[in-house]
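A quick write-up on the structure given underneath.
The values are calculated or read from the model by the stated rules, or taken from the named source; none is laboratory data. Note that the structure is a prediction, hence the values are computed from the model and not measured. Counting neighbours? That spans all protein chains shown, and the Cβs are built from the backbone with ideal geometry, glycine included.
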Amino acid sequence: MERADLVLKAKLAEQAERYDDMVHCMREVTKVDQELSNEERNLLSVAYKNVVGTRRLAWRVISNIESNPEESDKKPDVVKQYREKVECELRDICNDVLELLDKYLIKNTTNQENKVFYLKMKGDYFRYLAEVAPKNDQNAISDSQKAYQDAFDLSKKEMPPTHPIHLGLALNFSVFYYEILRSREKACDLAKEVLEKATAEVSSLNEDSFKDSTIIIQLLRDNLTLWTSDDGEERPQS
């Protein structure tokens, strides 16, 4: 199928909420081994975000049931097997994305914005692996942190503080610190640093990025409020 036809089919799949089909189309586009346009890049991201998102949610629900024997109806083996099935699907999706990133996307890009975007994705999908990894498995954690840090260093150098990709990266990197490394201090410090710089320049935002940037700025503020409160029971947003 021609590249343009695959992209069109991916858009149709998105509208029909058939995200597995969308993933298949954008995977094939990526394997053509040419740099993706911004539209193609965003379609790829949306496709995988949806298919991995359903598994992450399912994994959390099943894990909560598994940790509460009363809810598992005294059949922990069945619950465990189902949780492992979802876990396997989640790992396969993450490894698929990470292969595309390393083999095609990061290697082929000459655009610094794209590089930040792809390194952020790499940090995200290693973070998702870390969420379901055994506690003694540090590989996914260290790989996620390195990708996020590389992306963050590059974004500070190449992007304005209000750029939506820079802000989205900071949002997810701070969630990594809070949820994966259990470091409230580092999560708050990162969120504060980015918010201060972005707020100082928010008046200079152009119309195209104003909405996206202000939404992410509010999410950073919400997380910071959550993390500095006493309980911190609610999940942060990323």
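Report, ordered by the first and then the second residue, all pairs with beta carbons closer than 7 Å, sequence separation of six or more or different chains, a first member in region 122-142 that is over 17 Å from V86 (Cα atoms), and a second member that is modelled with pLDDT of 95 or more and of a type in the set (S, T, N, Q).
G123/S144; G123/N172; D124/N172
Being free of Cβ contacts under 8 Å to residues at least 12 places away in the same chain and surrounded by 13 or more Cβ atoms within 10 Å (Cβ to Cβ) is the requirement here; does R55 meet it?
Working: free of Cβ contacts under 8 Å to residues at least 12 places away in the same chain: no; surrounded by 13 or more Cβ atoms within 10 Å (Cβ to Cβ): yes.
No; evaluated as a whole, the condition is false for this residue.
Return yes or no: is V23 over 20 Å from the mean Cα position of the chain (by Cα), touching a residue at least 24 places away in the same chain (Cβ under 8 Å) and surrounded by 14 or more Cβ atoms within 10 Å (Cβ to Cβ)?
Numbers: over 20 Å from the mean Cα position of the chain (by Cα): no; touching a residue at least 24 places away in the same chain (Cβ under 8 Å): yes; surrounded by 14 or more Cβ atoms within 10 Å (Cβ to Cβ): yes.
So V23 fails the test.
Is at least one residue of region 113-120 out of contact with any Pro (no Cβ under 6 Å at 6 or more places or on another chain), surrounded by fewer than 18 Cβ atoms within 10 Å (Cβ to Cβ) and either farther than 16 Å from L169 by Cα or at pLDDT below 95 (or both)?
First pass over region 113-120, keeping only residues out of contact with any Pro (no Cβ under 6 Å at 6 or more places or on another chain): 113-120.
When the remaining residues are screened for being surrounded by fewer than 18 Cβ atoms within 10 Å (Cβ to Cβ), the result is 113.
Adding the requirement that they be either farther than 16 Å from L169 by Cα or at pLDDT below 95 (or both) leaves none.
No, region 113-120 contains no residue that is out of contact with any Pro (no Cβ under 6 Å at 6 or more places or on another chain), surrounded by fewer than 18 Cβ atoms within 10 Å (Cβ to Cβ) and either farther than 16 Å from L169 by Cα or at pLDDT below 95 (or both).
Does region 58-103 hold any residues that are polar (S, T, N, Q) and over 27 Å from N42 (Cβ atoms), and which are they? Let's see the steps before the verdict.
Within region 58-103, the subset polar (S, T, N, Q) is 63-64, 67-68, 72, 81, 95.
Scanning region 58-103 gives S63, N64, S67, N68, S72, Q81.
Only one of these is modelled with pLDDT of 95 or more and either in a helix (DSSP H, G or I) or closer than 20 Å to F173 by Cα (or both): D124, D137. Name it.
Values: D137 fails: modelled with pLDDT of 95 or more.
Of D124, D137, the one residue that is modelled with pLDDT of 95 or more and either in a helix (DSSP H, G or I) or closer than 20 Å to F173 by Cα (or both) is D124.
Could you please give the count of residues in region 11-20 that are touching a residue at least 12 places away in the same chain (Cβ under 8 Å) and more than 20 Å from the chain's Cα centre (by Cα)?
2
Assess whether L169 counts as being in contact (Cβ under 8 Å) with a residue 12 or more places away in the chain, loosely packed, with under 15 Cβ neighbours inside 10 Å and under 30 Å from N139 (Cβ atoms). Step through it out loud before you land on a result.
Numbers: in contact (Cβ under 8 Å) with a residue 12 or more places away in the chain: yes; loosely packed, with under 15 Cβ neighbours inside 10 Å: no; under 30 Å from N139 (Cβ atoms): yes.
No; evaluated as a whole, the condition is false for this residue.
Among residues belonging to region 85-104 that are over 16 Å from the mean Cα position of the chain (by Cα) and in contact (Cβ under 8 Å) with a residue 24 or more places away in the chain, point out the one that is surrounded by the fewest Cβ atoms within 10 Å (Cβ to Cβ).
Within region 85-104, the match that is surrounded by the fewest Cβ atoms within 10 Å (Cβ to Cβ) is E89.
Whether any residue in region 48-65 is modelled with pLDDT under 95 and farther than 19 Å from A133 by Cβ is what I want to check.
yes
Taking region 172-198 only, how many residues are free of Cβ contacts under 8 Å to residues at least 40 places away in the same chain and surrounded by 14 or more Cβ atoms within 10 Å (Cβ to Cβ)?
Let us first name the residues in region 172-198 that are free of Cβ contacts under 8 Å to residues at least 40 places away in the same chain, namely 177, 182-183, 185-186, 189-198.
Those left that are additionally surrounded by 14 or more Cβ atoms within 10 Å (Cβ to Cβ): 177, 183, 186, 190-195, 197-198.
Residues meeting the conditions: 11.
One line per residue, one yes/no per condition, for (1) within 14 Å of the chain's Cα centre (by Cα); (2) under 21 Å from D212 (Cβ atoms):
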position	(1), (2)
P76	no, no
R83	no, no
K107	no, no
M121	yes, yes
Q138	no, no
E158	no, yes
